[in-house]
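Data block below; observations after.
Bear in mind these aren't lab numbers, they're just calculated from the coordinates by the rules spelled out. What you are looking at is a predicted structure, and each value in this text was computed from that prediction instead of being measured. Every residue, glycine as well, gets a Cβ built from its backbone with ideal geometry; the counts of neighbours run over all protein chains shown.
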């Protein structure tokens, strides 16, 4: 019982830390530590007029993503049960359009959001790559918000899987809910390492959704390309662990300010480490284990 009480106490402290935010509290308009990069051009919609309001909404409601995740899981299992004795839906054209739209969105997000990070990588020390957030009123902030909202949209990936009665593995829905929850919490505190995380994810999704658009249209893709897509996904997870390790080193060994709370950093370690293990396991089973050699395994939607 003593261990249980200690676990409950630590869990309560961690939850309290997750809901303790510094940005825009008590009437403050401090935007935190952010990049000074200015985009040379921007489309009319590529801006946030009131980042304080958006941030406070995320701070107040980020935990709703946990409830959404529970409903999502129940809904998916319910649909699978209802379709037990029914034929799968075809959905070829909707699937091509769905993946194509997400591919275009991801490519645009990578090019526009990544511009901020790439400039920092060229002109500033490595510390600023992961400890300075994007400017809350510039183009990158808009694409950061779009990234968070896209994690809600991408839950629709699972609907296509279950309606077509394709295999649904734990990695798929665990990844969807974990990224959804972490992304909204990171938005609530403007997690600086999110610049690297978002850029990597936009790139991985650009590759992945383009691949799925091609395969959904009926075009057979050589096995090495499918393998390369999985390598991109797995490398993203390894890089996420590396970035988190660097942030931890900064916090433990320097007095440099870093725009990421220890609670959020703990979530990052948990999520990226489990993702890395699961993707390595999937990669091994899909491309190197003996049974998989006769199968037609495809990279999983991360």
Next on the checklist: Can you pull out every residue in the range 260-285 that is farther than 19 Å from residue 246 by Cβ and touching a helix residue (DSSP H, G or I) at 6+ places or on another chain (Cβ under 7 Å)?
Outcome noted: 278, 279, 280, 282, 283, 285
Checklist entry - Among the listed residues 180, 159, 152, 163, which satisfies the condition of being under 15 Å from the mean Cα position of the chain (by Cα) and surrounded by fewer than 19 Cβ atoms within 10 Å (Cβ to Cβ)? => result 152
Checklist entry - Would the range 41-54 turn up any residue that is surrounded by 11 or more Cβ atoms within 10 Å (Cβ to Cβ), in contact with a helix residue (DSSP H, G or I) (Cβ under 8 Å, 6 or more places away or on another chain) and assigned to a helix (DSSP H, G or I)? => result yes
Next on the checklist: Any residue that is within 23 Å of residue 268 (Cα to Cα), surrounded by fewer than 17 Cβ atoms within 10 Å (Cβ to Cβ) and touching a helix residue (DSSP H, G or I) at 6+ places or on another chain (Cβ under 9 Å) - is there at least one of those in the range 208-223?
Outcome noted: no
